[in-house]
Amino acid sequence: MRHRQQRGRRTTPLAGILGLLMVSALNAQDVATAPEIKAGTAWPDPATSPAEMLSLQQIERSLLLDATNARDRAVVVGDRGHILVSESRSEWRQVPSPTRSMLTAITAVGNKLWAVGHDQVVIYSSDGGLTWNLQHHDVASEGPLLDVLFLDEERGYAVGAYGQFLSTTDSGANWTVELISDRVASAATADQADNPEIDPDSGLASSDMGMDEGDPHLNAMVRNPLGLLIVGETGSAYRSTDDGRSWVRETLPYEGSMFGAVALDNGSILAFGLRGNAFVTGDLGRTWRPLQTGTEDSLLGGAAVAGSRAVLVGASGTVLLLPAGSDQMRGYTFSDGGVMSAVLPLGETDFLTVGENGIATYQPN
């Protein structure tokens, strides 16, 4: 079990990678807000303990990590299992959550939502985020889940630290827990059959990062008409053209981590990450071209904007806009945003941001 033996030598990614820049403790729960425990009793499992309900002022300024639009409302998730919802995108309220584990990512298909996080937690809502139930957890897992994506209301994937790769075909009622490398080997056979000129010993489908590394952290997963793409640490990427049944390992032109990926409406995918690096691919990760970001601040969240455009956010209040047909991003600074981990477009020039300073709205000048 090389993966388990070597993992202790590497740094576990913090929730949504935001903690890499601002949180010193990965798994620590805030003792001050935890329920009182009688002497001699066991500490409650955060994965199965309901989140604490806070005042609106507290929750709106707490550490929040991801946001999405369901059919009827926007939903935001974050630290200690907190969940916020809003129909107006301006007035928010907290809803009960079945977990106190940190939630790092959320996705929606219509009014069905799934959120993932620490302790390999997966929670589910069938009513647009108003009520939730715990579908899966594993407190012995060696790192958090960092992203979740559903192809439809039944088929979905969650990815995370150390190559964690979870899949479901029944809306999350049951999850199969694997590593990404468990599905990469079959991709080599598939690619060789489709392209006989490929050398099977070329390493195209290898997931080996060296004996001291093991499977890379998988930070983000995205889908476009060509297939699925996963980006992660050390410039690693994986593509699938069969809805995730098999994967081929690709390499970005940058050896640092990519923290997110956005599918644009022109069929391309934008990946972004450490030190302001961002790249675009039009062929599902086979080739990449760099974008000019004008910053060395890490980019942590992004969203597509209609018309082949995109918005990215990150550290130090960084906001970047990608105009249509351009490789030069326009840079802005949202000082009140701090370190931002996710962004949702509210209109052509209005954006909802979440991060270390909670929820905020921003309009570039």
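The values are calculated or read from the model by the stated rules, or taken from the named source; none is laboratory data. Values in this document were obtained by computation on a predicted structure and should not be read as measured data. All Cβ positions, glycine included, derive from the backbone under ideal geometry; neighbour counts span all protein chains shown.
Looking at 126, 90, which is the one that is surrounded by fewer than 21 Cβ atoms within 10 Å (Cβ to Cβ) and either under 13 Å from the mean Cα position of the chain (by Cα) or at pLDDT below 95 (or both)? Going through 126, 90 in turn, just one is surrounded by fewer than 21 Cβ atoms within 10 Å (Cβ to Cβ) and either under 13 Å from the mean Cα position of the chain (by Cα) or at pLDDT below 95 (or both): 90. Of the set (1) in a loop (DSSP other than H, G, I, E, B); (2) under 14 Å from the mean Cα position of the chain (by Cα), all apply to residue 98 but (2). So in the range 260-281, with the set limited to residues that are buried (at least 16 other Cβ atoms within 10 Å of the Cβ) and not aliphatic (A, V, I, L, M), which one is farthest from residue 223 (Cα to Cα)? Restricting to residues being buried (at least 16 other Cβ atoms within 10 Å of the Cβ) and not aliphatic (A, V, I, L, M), the top hit is 276.
If I go through the range 341-365 residue by residue, how many of them are touching a Ser or Thr at 6+ places or on another chain (Cβ under 9 Å), in contact (Cβ under 8 Å) with a residue 24 or more places away in the chain and outside any strand (DSSP E or B)? Step through it out loud before you land on a result.
In the first step, residues of the range 341-365 are kept if they are touching a Ser or Thr at 6+ places or on another chain (Cβ under 9 Å); the result is 341-344, 346, 350-356, 358-364.
Those left that are additionally in contact (Cβ under 8 Å) with a residue 24 or more places away in the chain: 341-344, 346, 351-356, 358-362, 364.
Filter once more, so that each one left must be outside any strand (DSSP E or B): 346, 356, 364.
Total meeting the criteria: 3.
Looking only at the range 119-176, residues that are within 18 Å of residue 215 (Cβ to Cβ), in a loop (DSSP other than H, G, I, E, B) and without any contact (Cβ under 8 Å) to a residue 24 or more places away in the chain come to 2 in all. Pairs meeting the criteria (first residue in the range 290-307 and touching a residue at least 40 places away in the same chain (Cβ under 8 Å) and within 18 Å of residue 342 (Cα to Cα), second residue charged (D, E, K, R) and assigned to a strand (DSSP E or B), beta carbons under 8 Å, at least 6 apart or on different chains) are 301/66.
Is the range 328-340 home to any residue that is under 18 Å from the mean Cα position of the chain (by Cα), surrounded by 23 or more Cβ atoms within 10 Å (Cβ to Cβ) and either over 21 Å from residue 60 (Cβ atoms) or among the aliphatic types (A, V, I, L, M) (or both)? If you could, list the steps in order and put the result at the bottom.
Taking the range 328-340 as the starting set, the residues that turn out to be under 18 Å from the mean Cα position of the chain (by Cα) are 339-340.
So of that shortlist, the ones also surrounded by 23 or more Cβ atoms within 10 Å (Cβ to Cβ) come out as 339-340.
From what's left, either over 21 Å from residue 60 (Cβ atoms) or among the aliphatic types (A, V, I, L, M) (or both): 339-340.
For the range 328-340, residues under 18 Å from the mean Cα position of the chain (by Cα), surrounded by 23 or more Cβ atoms within 10 Å (Cβ to Cβ) and either over 21 Å from residue 60 (Cβ atoms) or among the aliphatic types (A, V, I, L, M) (or both): present.
Of the residues making up the range 96-118, those that are among the small types (Gly, Ala, Ser), free of Cβ contacts under 8 Å to residues at least 60 places away in the same chain and crowded, with 24+ Cβ neighbours inside 10 Å are 97, 101, 115.
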